[in-house]
Structures are given as C-alpha cells and as structure tokens.
C-alpha cells in the first residue's frame, strides 16, 4: 500500500487511493489503461511509461520507452494487444515555442517551416509506432508508419481495420485529418486525408482566417462512419468517412469569435443523440477568455445545436492561482473502459479533475471534484511556468476507478463517490 498519499487542495465525492511519480517521470499527457497497466505519454521526460495498476493502491512503474531524438510521444492509444504511439517534432523544445503562447496562436507548420516542402531539415522522427502489448509490461515495436512533415499529434483507435489521426504534413499550415489502414498492424499506411480549405499552402491555398487564430486539427472521435473533429480555433468539423479513402465534409461549425476557440474534444453520445464538445484553456490567467464545455443536440447530423454549457468551478479563485484554468480533456468513453452517456469526466488544469452529470442535458450538474496540491517539483522546462497543478488527462476503467495525470504531478488513482 502506498505509504503517504499527496494531500488535496480540494476534494468532493472523490477519494485518492493511489499515486505514482512513474519512476521519477511525473509528467503526463495522454493516459490509457489496458490489462491493468497505465500507459502514459510524457511531455518533458520524452518517451512513454508503463505503470502496473492491478493493485490501484500500490501502483508500480514497470517500464519506460525513450523517444527518438528531438521527438515527443505525448499521445498514445491502446486497444486489445496493440499500442499506437505518436512520433512528432518536440514542439516545446523548439525556440519558436519557448513562449507557449506562440504554439497556440500561430500555424505551427508555418512557424517551423513545414508548410513549404523541403524548407526545414529533419532532426526528429515523424509518424506512428505500433507496439505489441500482449505482455503489457514489455511493449514490443512491430510496425511504423512514417510521414513527411512534423509528425502525428493524436490518434483515435478502438480496434478493427482503421485508425484516425491528426498529422502535420509537408505543405500544410497545421495538422489535418488522415485515415489509416490498420489491417496489417506491422504495415500501417495512410488511406485518405481531409483539411479545411486554405491549409494546403504548397497547393496554392491561402487562409481566410485572422492572424492569431490556429486552424489545426487536435483530433477526431469516431462514431460509425462519422468523425467529430476538434479543430482548435476553427471549432468542430463533422466529416463523413464512409469511404475511408475519401473523407468528405458534412458540417463545419465555429463559435470563435465571439468565443475563444481551442476546441479539443468532440465526444458523441450516440444513444442520446448528443455531443459534448470541450474548448481547451491554453493561456495563463484566462488570457484567452473563459472556455466552455458545450452540450449539443445531435439529432440531425448536419445541424447540431448548442443547448447548454457546463458550470464552472467556483470554490476558489483559480484565475488568480496561476497557470491554465479551464477545461483540457474529456474522458472519451473508451469501449474497453467505462462507458456512460450521463457521467462526463473532465480535467480543468489548475482546478483538477471534475465529474458532471448530464441526465438533463439542458442543466449539467457537477457531482464531484478533486484538486491535487502543488507538485513537488516542476518537470516542465519552459520559462516562467508556475508550480501549480495542471491536471491533463483522465481515464475511467470498467470498474469506475478514475485515473488522471498532470504535467508535473504524476499519476493519480481515484474512487468516484458521487
């Protein structure tokens, strides 16, 4: 059993039962649970770690796989015996993004010279690695899909013959949508792509959006033959993928302006014909404005209508606290994990982990919260970062245990008491 668990700054209806610094690499971005093991992509420690959580009160780091030079592995997906890991240029190690504001307010392809083919020499690895995790403590690489450009940002994979990813490719201003053939996991290959017109700069396209807006795909969540794509400052893009080789637009909705943009997750709830869409807070002290989690009526696929926003944490002055305050990630109803169309698990960065009930979709209600105390140390090497919690991702397993990570604070395992 863990000897001393970190104290919480605030807790309601959530109890911490386990914690791990993941072998001295406490920074995390995307988090997956598979076969009783937590797979964690690192932001600053590079590579990814595996933690045995079969005894959630005593999590044990069992492996660390280093990233290639100048490359980050921040996002990953697990399903069955496969682990898919992104390989991309380590943007936060680049001088262009020493001030994180530049990363969120410019087209990254243009900033690092990838929008023009051959303009930027490669000193990183770009693509998607595939691992066999039939033994989850010992990932074994079996395949790799290389791409020409900055690399892959985030993947969606829930088994079967297809995966989906956001990719920064030569000749494009930012990340676009691609479909991937996974029928042979040792030889994944791109099948099709889609982008917002104006992004294919090498093809002569010119953007029609304002400077300071980032039109780049974060990632898409797939429901049947539809991809619900979170396109940062371009809002939500709904794509028909019935033909995986030729994705086509269904609907593009953008509410920035007047709202601040940063759309990060578009979660379909197909049984209830709803969407939960999260806009990420990306700048300190809410400089980018209040970001919302929205509920959309999705009865008509090409005409989703916003019907509510989630309530905001208010038990403390989180704007004054420092760092990012506001939504970051949703738990995305992984089919091998906990699935609910009423309980929504989220991270709110310096306001920790939050749970909401949307039984009445017009009146979301917060039912639980857990705000960890400040991390013991900063792993984040960027200048002018404050030592405050920045809860990043959240995963809920089939037993209802909640796993969350942080840019600096390690892996938290929580029981939901709501």
Note on segment 132-177: residues closer than 21 Å to residue 47 by Cβ, in contact (Cβ under 8 Å) with a residue 40 or more places away in the chain and out of contact with any strand residue (DSSP E or B) (no Cβ under 7 Å at 6 or more places or on another chain) are 134
By residue number, the members of segment 173-217 that are within 19 Å of residue 239 (Cα to Cα) and either modelled with pLDDT under 95 or in a loop (DSSP other than H, G, I, E, B) (or both) are 174, 175, 195, 196, 197, 198, 199, 200, 215, 216, 217
Might you check whether a residue that is in contact with a helix residue (DSSP H, G or I) (Cβ under 9 Å, 6 or more places away or on another chain) and over 15 Å from residue 155 (Cβ atoms) occurs anywhere in segment 61-79? yes
Per the filter on segment 387-398, residues in contact (Cβ under 8 Å) with a residue 60 or more places away in the chain and more than 13 Å from residue 346 (Cα to Cα) are 388, 389, 397, 398
Those residues of segment 362-399 which are under 20 Å from the mean Cα position of the chain (by Cα), part of a loop (DSSP other than H, G, I, E, B) and under 17 Å from residue 418 (Cβ atoms) amount to 397
If we ask which residues in segment 100-116 are in contact (Cβ under 8 Å) with a residue 40 or more places away in the chain, surrounded by 15 or more Cβ atoms within 10 Å (Cβ to Cβ) and in a loop (DSSP other than H, G, I, E, B), their number turns out to be 4
Within segment 53-71, the residues that are touching a strand residue (DSSP E or B) at 6+ places or on another chain (Cβ under 6 Å) and closer than 26 Å to residue 397 by Cβ are 53, 56, 57, 59, 60, 61, 62, 63, 64, 65
Sole miss for residue 339 among (1) in a loop (DSSP other than H, G, I, E, B); (2) farther than 28 Å from residue 23 by Cβ; (3) touching a residue at least 24 places away in the same chain (Cβ under 8 Å) is condition (3)
Check your understanding: Looking at residue 152, is it crowded, with 24+ Cβ neighbours inside 10 Å and not in a loop (DSSP other than H, G, I, E, B)?
Key -> yes
Can you find a residue in segment 268-276 that is over 16 Å from residue 341 (Cβ atoms) and touching a residue at least 24 places away in the same chain (Cβ under 8 Å)?
-> no
Going through segment 7-34 in order, the residues found to be touching a residue at least 60 places away in the same chain (Cβ under 8 Å) and surrounded by fewer than 16 Cβ atoms within 10 Å (Cβ to Cβ) are 7, 10, 13, 15
Filter segment 241-287 for residues that are under 19 Å from the mean Cα position of the chain (by Cα) and part of a loop (DSSP other than H, G, I, E, B); the one that is surrounded by the fewest Cβ atoms within 10 Å (Cβ to Cβ) is 283
What about residue 68, is it within 22 Å of the chain's Cα centre (by Cα) and outside any strand (DSSP E or B)? yes
field: Qualifying residue in segment 344-360 (condition: part of a strand (DSSP E or B), at positive phi and at pLDDT 95 or above)
entry: yes
Over segment 288-306, the set of residues surrounded by fewer than 15 Cβ atoms within 10 Å (Cβ to Cβ), assigned to a strand (DSSP E or B) and touching a residue at least 24 places away in the same chain (Cβ under 8 Å) is 306
Filter segment 198-217 for residues that are without any contact (Cβ under 8 Å) to a residue 40 or more places away in the chain and at positive phi; the one that is nearest to the chain's Cα centre (by Cα) is 198
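The values are calculated or read from the model by the stated rules, or taken from the named source; none is laboratory data. Computed from a prediction, not measured in an experiment: that's the story for all the values here. Here the Cβ is made from the backbone with ideal geometry for all residues, glycine too, and neighbour counts use every protein chain on show.
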